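*Asks:* Below is the structure I would like to discuss, written out as structure tokens.
The values are calculated or read from the model by the stated rules, or taken from the named source; none is laboratory data. Nothing here was measured: the structure is a model prediction, and the numbers come from that model. FYI the Cβ positions are ideal-geometry reconstructions off the backbone, even for glycines, and counts take in every protein chain you see.
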Amino acid sequence: MTVIDGLEVLRRQIRVGEIARLIERTARWVAPETFRLLPVWYPEHARRRHFYKAGWSEPQMNTNRTTGVSVHKTEGNVYANKALTLALGLRQSTRPNWSCCHIWGLDDPTFQQTNAVVSDHRFYSCIANMVLLPTPLKAFTDTMPEIKAMLRICARNLYDWQCDHESMAEVNAALDGWNDWASYPESWPRKVGASRPLGVVDLTAEIEKQATKRLATIRQELKTAGKFYPRDEVLRALDYWKISAESA
């Protein structure tokens with residue numbers, strides 16, 4: 001038996017445009033107004049960074065029940081999920097079988113390489129770097145280059161922003177020359193501000209309240225959090241997004 005690439009087998013059964021339209025009809029996007037209100041929600045966290053408790057003063061450990069071995073717990077996607085959930089006006093308990101998908105990051109379908117973008121405090125919890133998808137569809141965004149490219153074009157035209165991490169330079173250059181509009185979803189913008197995709201969740205008073213509360217917490221923790229709080233990284237993230245570290 002000759003085994004060929006699974007993506008090629010899939011492409012023979014369903015066109016890329018059909019997959020893109022499935023995502024178009026089901027994805028949930030944060031409103032641009034919410035992004036402008038608070039671009040990054042948890043700048044103290046990033047992928048693979050360690051967790052701390054007691055106000056950032058003690059390591060948070062995971063203990064294996066079988067071996068009794070304890071290891072320092074690290075961030076996977078917890079706070080990115082929280083950021084997206086709050087920015088969409090949802091609660092974790094009310095979104096079963098939905099997954100947070102990062103739009104900008106290392107294209108590595110094997111998940112063997114370190115993703116420098118989501119390990120960066122500026123971009124990990126950036127809500128223009130995420131979209132909420134039904135969990136089964138997330139596999140397409142993780143593995144299919146065509147789908148990733150279309151999501152990135154949609155996001156940068158919706159938010160008038162693209163990730164400028166140095167590792168994204170080649171990706172962004174390729175997007176500038178991308179022209180496969182035949183598969184591109186109809187409602188997704190082709191230029192900045194041209195349209196809004198289906199599934200955009202408008203900014204509400206409750207979302208604005210949560211954003212205000214989150215920013216106040218960031219500012220407070222900069223002053224009072226324990227010795228393990230990553231102040232330099234947080235300040236760098238706030239500076240990048242032009243968010244004042246001090247209350248008005």
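*Asks:* Report, by residue number, each residue of the stretch 85-117 that is polar (S, T, N, Q), assigned to a loop (DSSP other than H, G, I, E, B) and at pLDDT 90 or above.
*Replies:* Asn97
*Asks:* Across the stretch 8-33, what is the total count of residues that are under 24 Å from the mean Cα position of the chain (by Cα) and surrounded by 14 or more Cβ atoms within 10 Å (Cβ to Cβ)?
*Replies:* 15
*Asks:* Moving on to the next point. Please determine whether any residue of the stretch 121-128 is closer than 20 Å to Val16 by Cα and in a helix (DSSP H, G or I).
*Replies:* Scanning the stretch 121-128, I find no residue that is closer than 20 Å to Val16 by Cα and in a helix (DSSP H, G or I), so the answer is no.
*Asks:* For the stretch 207-219, does any single residue satisfy the condition of being over 19 Å from the mean Cα position of the chain (by Cα), hydroxyl-bearing (Ser, Thr, Tyr), modelled with pLDDT of 95 or more and buried (at least 17 other Cβ atoms within 10 Å of the Cβ)?
*Replies:* No, that holds for no residue.
*Asks:* Right, something else. For residues that are in contact with a Ser or Thr (Cβ under 9 Å, 6 or more places away or on another chain) and of a type in the set (A, V, I, L, M), scanning just the stretch 85-103, find the one that is surrounded by the most Cβ atoms within 10 Å (Cβ to Cβ).
*Replies:* Ala87
*Asks:* Here are the criteria: (1) in contact (Cβ under 8 Å) with a residue 40 or more places away in the chain; (2) assigned to a loop (DSSP other than H, G, I, E, B). Tell me which single one Val3 does not satisfy.
*Replies:* Among (1) in contact (Cβ under 8 Å) with a residue 40 or more places away in the chain; (2) assigned to a loop (DSSP other than H, G, I, E, B), the lone unmet condition for Val3 is (1).
*Asks:* Which is part of a helix (DSSP H, G or I) and under 14 Å from Pro39 (Cα atoms), of Leu175, Leu203, Leu215?
*Replies:* Leu215
*Asks:* Within the stretch 222-237, can you find the residues that are in contact (Cβ under 8 Å) with a residue 40 or more places away in the chain and either loosely packed, with under 13 Cβ neighbours inside 10 Å or in contact with a Lys or Arg (Cβ under 9 Å, 6 or more places away or on another chain) (or both)?
*Replies:* Thr224, Ala225, Lys227, Pro230, Glu233, Arg236, Ala237
*Asks:* Out of the residues in the stretch 39-74 meeting the condition of being under 14 Å from the mean Cα position of the chain (by Cα) and either acidic (Asp, Glu) or assigned to a loop (DSSP other than H, G, I, E, B) (or both), tell me which one is farthest from Gly226 (Cα to Cα).
*Replies:* Restricting to residues being under 14 Å from the mean Cα position of the chain (by Cα) and either acidic (Asp, Glu) or assigned to a loop (DSSP other than H, G, I, E, B) (or both), the top hit is Pro39.
*Asks:* Taking the residues in the stretch 68-84 that are closer than 20 Å to Ala128 by Cβ and either modelled with pLDDT under 90 or not hydroxyl-bearing (Ser, Thr, Tyr) (or both) as candidates, determine which candidate is surrounded by the most Cβ atoms within 10 Å (Cβ to Cβ).
*Replies:* So the residue we want is Leu84.
*Asks:* Same structure again: Within the stretch 105-117, is there a residue that is hydroxyl-bearing (Ser, Thr, Tyr) and surrounded by 13 or more Cβ atoms within 10 Å (Cβ to Cβ)?
*Replies:* Looking for residues that are hydroxyl-bearing (Ser, Thr, Tyr) and surrounded by 13 or more Cβ atoms within 10 Å (Cβ to Cβ), one finds none in the stretch 105-117, hence no.
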